[in-house]
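Enquirer: Okay, here's the structure, questions in a sec.
The values are calculated or read from the model by the stated rules, or taken from the named source; none is laboratory data. This structure is a prediction, so every number in the text was calculated from the model and none was measured. Note that each Cβ is placed from the backbone with ideal geometry, even for glycine, and that neighbours are counted across all protein chains shown. In case anyone asks, the SASA skips ligands and DNA or RNA and just uses the protein heavy atoms, side chains included. Shrake-Rupley method; radii C 1.70, N 1.55, O 1.52, S 1.80 Å.
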Amino acid sequence: MIARQRERCTRIGCHVRYFNFALGQSPFPVPPALSAALTREAGAGHYTDAVGVPELRDAVAEFYKRHFRLHAEPERVIVGNGTKEILYILFSVLDAEVVLTSPSWVGYAPILRLLGKTYTTLGLDRKDGYRINPRDLEAVLAENPDRRHLLVLNNPNNPTGVVYSRRELSKIADVCRKYGCFVLADEVYALTTYRTGDFCSMGAIYPEGTFVTGGLSMDRSAAGYRLGVCVLPEGDPEALMQHLTRVAATMYTSVATPVQYAAVTAYGGDPAVEEYMQTTREIHRIMGGYMSRAFGMIEGVEVTHPRGGFYFLADFSALAGDLARKGVRYANDLSRALLDHPHHVATVSGDAIMLPSDAFAARVAFVDYDGRKAMELYRENRPETGLDEVAYVQDAAPRMNEGIEAVRKFVEGVKRKTAEFV
């Protein structure tokens, strides 16, 4: 969409750079300790076990115990080529009807469609804070109680920034136990939770039925390393591990060996890596608080206020009538309208985040800034007050401030009683 819109803009002489609220990727450089470890291990050219080298599986098990009080033996840990590939393997191996929430991350449904697997959609209500309502979940599971289900629970959530409390997770776990429902706990954003004490792993609450996935891409900004991990449920995972190993060995033989050995440093409790995660977590908190408040001050736009990750949901539904007059009649139209000239705002809306056709909301990623510069500014003069944080965002992320103004002008154009935006 962006490429096509750029072509259209070029034809009318417009060369404005787009405000990128669409792509969710950590803007920070890879932790130096991790990149140095990769350099040291560059000579490791041999194949490894399909589910990971023992040193890394040991480090991952200890990491989950240290950070999340999740007591997982290394034998329950598998390593894959990024979390997305692990999800693909789990979806393909598990004989279960998948339950996806709406809204949801952009990747789950396409993977299931690629596999030719059906799924059930569980709608989330704004009045519930876009959290899973246990009663609604039970109603879905009770429709076919003899069928095994797999609930995908993304926490912290992409696209809303919601973080579930221990109490909320316990209520969801009670329903899942009652119906024998597995949980795929996608916790790749776990250590981006702004107050780490707020995060609780579903694997610690429902260990017998939860697959916990994570990786290096979000909290250690190493998306390109393509390394993900999964902790299997308690019990006797040997048969399941055999299935997963066969699929992994068939698909990719093993994860890149140098990356695996380097990842031991990422999971091993290196003080520099731990400080890095704390610093980037604070920057995400500051950016997310500022951006969601600024969007929420635009009349007609309702927002979620993120408590983890680097996304929030901006809901334009109060403007539905005005949007329809401008030709924005369905959820999928919203991102196209925001992207169009002269707004140039890239977001993700509609089917991509599994919204119904009449839900005019868009996912906003607040990472359109120079992460290296932002870290340097933060370390040189850490913001102490709310005013300091505002000044910090304005200095570190000028493009995002300009993007807010572009959205404000978009909304003003929507409200004009004409067919055109401008």
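Enquirer: What residues have an amide H closer than 5 Å to that of V303, excluding those fewer than 5 places away on the same chain, when H is modeled at 1.01 Å from N in the peptide plane?
Expert: For V303, whose amide H was placed from the backbone, the distant partners under 5 Å are D315.
Enquirer: For H305 paired with R8, estimate the spin-label separation in nm (one decimal), with each label point 7 Å from Cα along the Cα-to-Cβ line.
Expert: 3.6
Enquirer: PRE reach from R379 (point 7 Å along Cα→Cβ): which of segment 195-227 fall under 19 Å by backbone N?
Expert: Residues 219-222 qualify, since their backbone N sits under 19 Å from the label point.
Enquirer: Sticking with this structure for a sec: Farthest toward the dipole's positive end in segment 8-74, which of A37, A61, H71, given Cβ charges of +1 (Lys, Arg) and -1 (Asp, Glu) about the Cα centre?
Expert: A37
Enquirer: Starting from the 7 Å offset along Cα-to-Cβ, what nm value, one decimal, do you get for the label separation of R69 and R329?
Expert: Going by the 7 Å Cα→Cβ label model, 5.4 nm.
Enquirer: Test of understanding: what is the full-extension gain from S102 to A36, defined as 0.36 nm times their sequence separation minus their Cα-Cα distance?
Expert: Contour length minus the Cα-Cα distance gives 19.7 nm.
Enquirer: Placing unit charges on C-beta atoms (Lys and Arg positive, Asp and Glu negative, everything else neutral), compute the dipole magnitude of segment 257-304 about its Cα centre in debye, rounded to 20.
Expert: Here the size comes out at about 40 debye.
Enquirer: Only Cα pairs within less than 10 Å get springs; with that Gaussian network setup on the chain, which residue of T193, T118, T210 has the largest fluctuation?
Expert: T118
Enquirer: Follow-up. Just the number: Rg to Rh for segment 324-422, Cα atoms, Kirkwood Rh, two decimals.
Expert: My calculation of the ratio gives 1.09.
Enquirer: In whole Hz, with x marking every Gly and Pro, tabulate ³J(HN,Hα) for segment 318-332 from phi via Karplus 6.51 cos²θ - 1.76 cosθ + 1.60, θ = phi - 60°.
Expert: In residue order, the calculated couplings are 5, 9, 3, x, 5, 4, 4, 5, 8, x, 9, 9, 10, 4, 5 Hz.
Enquirer: Could I ask something else about it? Measure nothing but the geometry: give the 0 to 90° angle between the long axis through the Cα atoms of 238-252 and the longest principal axis through the Cα atoms of the chain, rounded to 10°.
Expert: That helix lies at roughly 60 degrees to the long axis.
Enquirer: Which one, G82, F199, L216, is farthest towards the positive end of the dipole of segment 79-217 when Lys and Arg carry +1 and Asp and Glu -1 on their Cβ?
Expert: F199
Enquirer: Then there is this: Mind listing the phi-derived Karplus ³J(HN,Hα) values for segment 137-153, rounded to whole Hz, using 6.51, -1.76 and 1.60 with θ = phi - 60°, and x for any glycine or proline?
Expert: Taking θ as phi minus 60°, the curve returns 4, 4, 4, 5, 5, 6, 5, 9, x, 7, 9, 5, 10, 10, 7, 8, 10 Hz for segment 137-153.
Enquirer: Another question, if that's okay. Run the lone-cysteine check on the chain: no other Cys C-beta under 4.7 Å from the residue's C-beta.
Expert: Among the cysteines of the chain, those whose Cβ sits 4.7 Å or more from every other are C200, C230.
Enquirer: Run the dipole for segment 263-422 about the Cα centre, Lys and Arg Cβ at +1, Asp and Glu Cβ at -1, nothing else charged, and hand back the magnitude in debye, nearest 20.
Expert: Computed charge dipole of segment 263-422: roughly 540 debye.
Enquirer: Could I ask something else about it? I'd like the projected area of segment 219-258, averaged over all directions, using the convex hull of its alpha carbons. Report it in nm² with one decimal.
Expert: 3.9
Enquirer: Work the Kirkwood hydrodynamic radius out for segment 293-342: mean of 1/r over every pair of different alpha-carbon atoms, inverted, in Å.
Expert: 12.0
Enquirer: Continuing with this model, one more query. Per-residue accessible area for H46 at 1.4 Å probe radius, Å² rounded to 10?
Expert: H46 has an accessible surface of roughly 90 Å² with all protein chains in place.
Enquirer: Quickly work out the V16-to-S357 label distance, labels modelled 7 Å from Cα along the C-beta direction, and quote it in nm with one decimal.
Expert: Result for the modelled spin labels: 3.0 nm.
Enquirer: Near the amide H of E97, under 5 Å away, which other amide H atoms are found, from residues 5 or more places off or on another chain, if H is placed in the peptide plane?
Expert: When sequence neighbours closer than 5 places are left aside, the close amide H contacts are R148, H149, L150.
Enquirer: May I pose another question? For volume of the Cα convex hull per residue in Å³, pick the label among (1) 118; (2) 144; (3) 152 that corresponds to the value derived from the coordinates.
Expert: Of the labelled values, this structure produces (3).
Enquirer: Right, another one. If r is the Cβ-Cβ distance from K415 to L114 and R0 is 45 Å, what FRET efficiency results, to the nearest 0.05?
Expert: E(calc), rounded to 0.05, equals 0.65.
Enquirer: Related question: Which value, in Å³ per residue, describes the convex hull spanned by the Cα atoms of segment 253-352?
Expert: So the per-residue Cα hull volume is 164 Å³.
Enquirer: Quick one: 3J(HN,Hα) in Hz for segment 94-103, Karplus 6.51/-1.76/1.60 with θ = phi - 60°, rounded, Gly and Pro as x.
Expert: 7, 8, 7, 7, 7, 10, 10, 7, 10, x
Enquirer: Continuing with this model, one more query. Would you grab the residues whose amide H sits under 5 Å from the one on L153? Only those 5+ places off in sequence or on another chain, please, with H modelled 1.01 Å from N.
Expert: L184, A185, D186
Enquirer: Within the chain, which is the longest segment that contains none of the trypsin sites (Lys or Arg not before Pro) sitting in a DSSP loop with at most 12 other Cβ atoms within 10 Å?
Expert: With trypsin sites (Lys or Arg not before Pro) excluded where exposed in loops, the chain gives 196-416 as its longest stretch.
Enquirer: Assigning unit charges at the beta carbon (Lys, Arg +1; Asp, Glu -1) and nothing else, what dipole magnitude in debye, to the nearest 20, does the chain show about its Cα centre?
Expert: Its charge dipole is roughly 1160 debye.
Enquirer: Quick check: the angle from helix 82-93's long axis to the longest principal axis of the chain, C-alpha only, nearest 10 degrees?
Expert: 70
Enquirer: If you filter segment 122-182 for GluC sites (Glu not before Pro), then keep DSSP loop positions with at most 13 other Cβ within 10 Å, what is left?
Expert: For GluC sites (Glu not before Pro) across segment 122-182 that sit outside H, G, I, E and B with at most 13 neighbouring Cβ atoms in 10 Å, the list reads E143.
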